[in-house]
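A.B. asks: Structure incoming, see below.
The values are calculated or read from the model by the stated rules, or taken from the named source; none is laboratory data. Because the structure is predicted, anything quoted here is derived from the model rather than measured. With ideal geometry, Cβ positions are generated from the backbone for all residues, glycine too; neighbour counts draw on all protein chains shown. Just the protein is used for accessible areas: all its heavy atoms, side chains included, with ligands, DNA and RNA removed. Shrake-Rupley method; radii C 1.70, N 1.55, O 1.52, S 1.80 Å.
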Amino acid sequence: MASSHPEGYVLHTYGAERYVRHAVASVVTLRRHDTSRPVALFCPPEHQALLERYGLDRLFQVIAPLPEAHRSIVGFKHHLHRFMPFERCLFVDVDMIWCRNPDPLWQQLAAFPFTATGLERADFFFGGPKGIGVVLDVLLDRRRRTLRRFGLTYLPRVQAGMIYARDAALTRTVCELASEFLARRSETHFRSRLHEGRSEESCEWSLAMAMSQLNLPVFPWFAGQNSPQLDYIDDLTVHDPDFKQVICRYYTDRFVYSLRGIPSPFLRRLLLRIFTQLPGRGDYMDVTPFALHFGWLHQKQPFHAFAERIWRALTQEPDAASLWDGKQVPEKDGVARVESPSQATQHNQQ
């Protein structure tokens, strides 16, 4: 499965057909800014067949099977070493829209053998209760108890939507350690996401513990104008319909910026209005991140609508080149070609 190209993006899909559409939409936005690095997709046979039906498999330079055992969050992200088709891999979630040239991001990532976007210190909400139950964790200092039990001195906050790896052996060590920590969850203060009504377990706190034990630094998640990815929040994001120009309101105070995750628009706006009036708390930047991540459940609808529109453009509409810009993308055999939605549709009809 090796590739001659040293750097490439790795995506994966499984489950409902809509996730294939998400992957296609994400790659369309990526090709606006990066026309050289290949993209690999690991997916079930039915997803590949869907792409082939419309000629959209040509958007991916590598398409490989995703075994059933790895069709889950931890099934994939705790086994990244099995899915490294390039010398240097950037694993990214499919619910991302790329906003600018990622060359500087790749240059920074090159310094790491393995890293994931994150923060140096995780709070009590990370892997813990999301409601009032977190108060008991704070009062009993359960986070510190977990660290002591496993001989750790710190716990980073990992945001696993973007993971970089160039050392396959180290990547395997990280993943195996993370799997071991997850298997020992009962000895930690972390909560199973299955008990919160979610269909899948989280991979992030176990990866964070593995990176802590191996003393591997996280890649700064919040870095102002240089942020690798920022969350889409409707109140804090300005964009055109096709997400070709994106500007995010980024508060430099970490607490103020954390208020972005409050689901209630009214409460979120109220608290932001109150806390930004405090001295030194209202500073902000208007920035364009490398990628816009639709990670919050209550903020996903704009991406879903965009992905559906891209899919219709690629599979039905006779001329949708404005969504793509008709830029050059790499062919599967490494030879560059010019592709656009209209060309893809013509290819499918031939």
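A.B. asks: Over all distinct alpha-carbon pairs, what is the Kirkwood Rh of the chain in angstrom?
C.D. replies: 21.2 Å is the Kirkwood radius here.
A.B. asks: Could you sort K300, K244 by their accessible area in this structure, using a 1.4 Å probe and putting the largest first?
C.D. replies: The most accessible residue leads, giving K244, K300.
A.B. asks: Another question about this same structure. Per DSSP H run of n ≥ 4, the term is -39500 (n - 2.57); total these for the chain, divide by its residue number, and report the mean residue ellipticity at 222 nm rounded to 500 deg cm²/dmol.
C.D. replies: Taking each H run of at least 4 residues, the total per residue is -9500 deg cm²/dmol.
A.B. asks: What FRET efficiency would be calculated for the residue pair H33, V135, taking the C-beta separation as r and a Förster radius of 51 Å, to the nearest 0.05?
C.D. replies: About 0.70, to the nearest 0.05.
A.B. asks: What fraction, in whole percent, of alpha-carbon pairs in region 149-232 exceed 23 Å separation?
C.D. replies: Of all Cα-Cα pairs in region 149-232, 28 percent lie more than 23 Å apart.
A.B. asks: Hey, rough spin-label estimate for H298 and R144, points 7 angstrom out along Cα→Cβ, what's it come to in nanometres?
C.D. replies: So the label points at H298 and R144 sit 3.2 nm apart.
A.B. asks: If you don't mind, another one. Can you run the Rg to Rh ratio on region 1-130? Use alpha carbon positions and the Kirkwood inverse-distance Rh.
C.D. replies: Ratio value, two decimals: 0.97.
A.B. asks: Assign unit charges at the C-beta atoms only (+1 for Lys and Arg, -1 for Asp and Glu), then state the dipole size of region 143-200 relative to its Cα centre in Debye, rounded to the nearest 20.
C.D. replies: Magnitude of the dipole: close to 360 debye.
A.B. asks: With the contact rule set at Cα under 8 Å and sequence spacing of 6 or more, what percent relative contact order holds for the chain?
C.D. replies: 21
A.B. asks: Further question: Skipping prolines and chain starts, which residues have an amide H placed within reach, meaning under 5 Å, of the one on A291, given they are 5 or more residues away or on another chain?
C.D. replies: Sorted by chain and number, the residues that satisfy this are C99, Q229, L230.
A.B. asks: In whole percent, how big is the carbon plus sulfur part of the accessible area of region 1-154, probe 1.4 Å, protein atoms only?
C.D. replies: 53
A.B. asks: Let me ask something else. If one computes the Cα centroid of region 227-284 and of region 297-317, what distance in Å separates the two points?
C.D. replies: With region 227-284 and region 297-317 each reduced to a Cα centre, they are spaced 23 Å.
A.B. asks: Something else: Would you mind getting the accessible area per residue of region 195-252, heavy atoms of the protein chains only, 1.4 Å probe, in Å²?
C.D. replies: 42
A.B. asks: As an exercise, use a Förster radius of 22 Å and the Cβ-Cβ distance of D123 and A16 to find the FRET efficiency, rounded to the nearest 0.05.
C.D. replies: 0.10
A.B. asks: Let me ask something else about it. Each residue of region 83-96 in order: what ³J(HN,Hα) in whole Hz does its phi give by Karplus 6.51 cos²θ - 1.76 cosθ + 1.60, θ = phi - 60°, with x for Gly and Pro?
C.D. replies: Along region 83-96, the couplings run 10, 10, x, 10, 4, 10, 10, 10, 7, 10, 6, 7, 8, 10 Hz.
A.B. asks: Then there is this: Please work out the FRET efficiency for the pair R184 and S72, using the Cβ-Cβ distance as r and a Förster radius of 25 Å; give the result to the nearest 0.05.
C.D. replies: Approximately 0.85, to the nearest 0.05.
A.B. asks: Applying the Karplus parametrisation 6.51 cos²θ - 1.76 cosθ + 1.60 with θ = phi - 60° to the phi angles of region 27-37, what ³J(HN,Hα) value in whole Hz is obtained for each residue in order, glycine and proline being reported as x?
C.D. replies: 5, 4, 6, 4, 5, 5, 10, 10, 9, 10, 6
A.B. asks: Turning to a different aspect of this structure: Mind putting a number on the dipole of the chain about its Cα centre? Charges go on the C-beta only, +1 for Lys and Arg and -1 for Asp and Glu, and I need it in Debye to the nearest 20.
C.D. replies: Approximately 1020 debye in magnitude.
A.B. asks: So how much accessible area does H239 have, in Å² to the nearest 10, using a 1.4 Å probe?
C.D. replies: Accessible area of H239: about 60 Å².
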